[in-house]
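Here the structure comes first, spelled out in structure tokens, and everything after it is commentary.
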There are 4 protein chains.
Amino acid sequence: MAIPTVKGIIMTSSFQASIQLKVRDYECDMQGIVNNAVYQNYLEHARHEYLLERGLDFAEITRAGVHLVVIRAEIDYKKSLKSGDQFKVISCLERVSRLKFMFRQKIVSLDGDQTHIGACVFCASLNDKGRPASFAAIEALL
Amino acid sequence: MAIPTVKGIIMTSSFQASIQLKVRDYECDMQGIVNNAVYQNYLEHARHEYLLERGLDFAEITRAGVHLVVIRAEIDYKKSLKSGDQFKVISCLERVSRLKFMFRQKIVSLDGDQTHIGACVFCASLNDKGRPASFAAIEALL
Amino acid sequence: MAIPTVKGIIMTSSFQASIQLKVRDYECDMQGIVNNAVYQNYLEHARHEYLLERGLDFAEITRAGVHLVVIRAEIDYKKSLKSGDQFKVISCLERVSRLKFMFRQKIVSLDGDQTHIGACVFCASLNDKGRPASFAAIEALL
Amino acid sequence: MAIPTVKGIIMTSSFQASIQLKVRDYECDMQGIVNNAVYQNYLEHARHEYLLERGLDFAEITRAGVHLVVIRAEIDYKKSLKSGDQFKVISCLERVSRLKFMFRQKIVSLDGDQTHIGACVFCASLNDKGRPASFAAIEALL
């Protein structure tokens, strides 16, 4: 299945996860819209739910010494969410290099007609010493 | 219908609202459990959903000049929530005095067997000048 | 030295810590004032700074298996903080029982004339198994 | 004066603002480090302080109908901040096109030797109807 990328290019991925959320009023700022940083909360939650659907529990692997870290985020803010809005966060994962991978994510309206956020979030896996390392559990996803 | 209060006293209320949520990992702190302040986020969201179920949209009434404010919160932390936990927030509302009212809220496990949080949140309604004022829309709930 | 309690009673404590902060705009909600839950963030940060001033690093003792947890919070919201406001958080600590202690905290204007928040935050110390336990490092503070 | 950009290119700007902050423990997640979304909070606060130093109060201009919005953020996560860390956020502003501008920001250690975050945050100014619009107050900064 295919979802458009941030730049508008079509991307194919073998697995996509989608979660449905609703804006909570404390997430809105004085402009009456969801604060910019909050979208990163939504995106992180969606990535962890993506991993969970594929059998990886983030809290569990963290305790086991596998540290997934974000190394770069590119986020396009297309249309603000506001109080009461419901939305979906769609995520898929692809390999970038031997030790790097990227989540391609977008936040869209429930009917999918409106894109609120498009994002590319680059990640790496580190061992307990903070060194880049390959883990079978993550390799299996790519 | 009756829910136990924070102190263990049974309370009767004509209307109860319940929402179901799941812990998001960014809500957990270095202790690996949901941070104390986050429960207030859950409770606020549950209060606004309570109001919505009864026909009051918080964002809308705020724009209309009705300012619902918390004046006192009493929160009992009984059992921490952790990554992945699902839970319910149950809320009901009662009058305290002519211009004050209180939400009685609790956060419980999905089966209701475990109480995580018990709370009494006292509120007042203020007009645009920040003075306590009575509003028909709120009176109708009490 | 003495600070008034939430209820207006004078309290004596051998040690007080004060930190100075400024409201950040992302902490304000659609009402244009600091969101209720954020005050708990301020209060927690002030408690950890209090501990640090007295030689206890919260992150360090957590890693060492000493879990300080909040068991009850009573918070009086007296006057909202808004964008740009600067304020002080004053904290002191007292024993409640053998295994419980309480932070008495208030958030005041820089000149101390205006009280924004008064709070009593009850805490307990737990061991790695989540059982109440006494720790010399904490006893030394009381 | 010049600061290195995210990509390592030197950038000249007529004005730079720097603020000094300290990590608060509630900003750390279960990995024991500052959560990814929190850096965006730091960056936003630094942008608003930048504007303030140049005479623009964000809350005030928002009330006056000038809506500064982020349209794209590129954030490089170079080295995590952890409990107790103190740091500086350095910000400067440049024009991108007639109606777009960009904050170039970095988060560095107090001595400036360690870069934690590098970011390019693209903004636009909208009028009350949500349409891109030019405002004298913002033009004066560019």
Which members of region A:64-79 meet the condition of being more than 14 Å from A:Lys100 (Cβ to Cβ) and in contact with a Phe, Trp or Tyr (Cβ under 7 Å, 6 or more places away or on another chain)? A:Val66, A:Ile75
Pairing a residue in region D:92-121 that is touching a residue at least 12 places away in the same chain (Cβ under 8 Å) with any residue that is acidic (Asp, Glu) and in a loop (DSSP other than H, G, I, E, B), where Cβ atoms lie under 9 Å and the two sit 6 or more apart in sequence or on different chains, gives D:Ser109/D:Asp85; D:His116/D:Asp85
Inspect all residues belonging to region A:30-48 and state whether any of them is out of contact with any strand residue (DSSP E or B) (no Cβ under 8 Å at 6 or more places or on another chain) and modelled with pLDDT under 95. no
So which of A:Tyr77, A:Tyr39 ends up being hydroxyl-bearing (Ser, Thr, Tyr) and within 12 Å of the chain's Cα centre (by Cα)? A:Tyr39
Determine, yes or no, whether B:Tyr26 is part of a helix (DSSP H, G or I), modelled with pLDDT of 90 or more and more than 8 Å from every other protein chain (Cβ to nearest Cβ). no
Read through the list (1) of a type outside the set (A, V, I, L, M); (2) under 28 Å from A:Ile33 (Cβ atoms); (3) assigned to a loop (DSSP other than H, G, I, E, B), then give the number of the only condition that B:Glu44 fails. (3)
A careful count of residues in region D:74-97 that are closer than 24 Å to D:Glu53 by Cα and small (Gly, Ala, Ser) gives 2
Top-ranked residue in region B:30-84 [being within 10 Å of chain A (Cβ to nearest Cβ), among the basic types (Lys, Arg) and surrounded by fewer than 20 Cβ atoms within 10 Å (Cβ to Cβ); ranked as nearest to B:Lys106 (Cα to Cα)]: B:Lys82
Can you name the residue in region C:58-78 that is modelled with pLDDT under 95 and touching a Ser or Thr at 6+ places or on another chain (Cβ under 8 Å) and is also nearest to C:Ser18 (Cα to Cα) among such residues? C:Phe58
Could you please find all residues in region D:81-115 being within 25 Å of A:Ile117 (Cα to Cα) and more than 13 Å from the chain's Cα centre (by Cα)? D:Arg95, D:Val96, D:Ser97, D:Arg98, D:Leu99, D:Lys100
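The values are calculated or read from the model by the stated rules, or taken from the named source; none is laboratory data. Keep in mind that what you see is a predicted model, and the values were worked out from it rather than measured. Because the Cβ atoms are built from the backbone with ideal geometry, glycine has one as well, and the counts that use them run over all protein chains shown.
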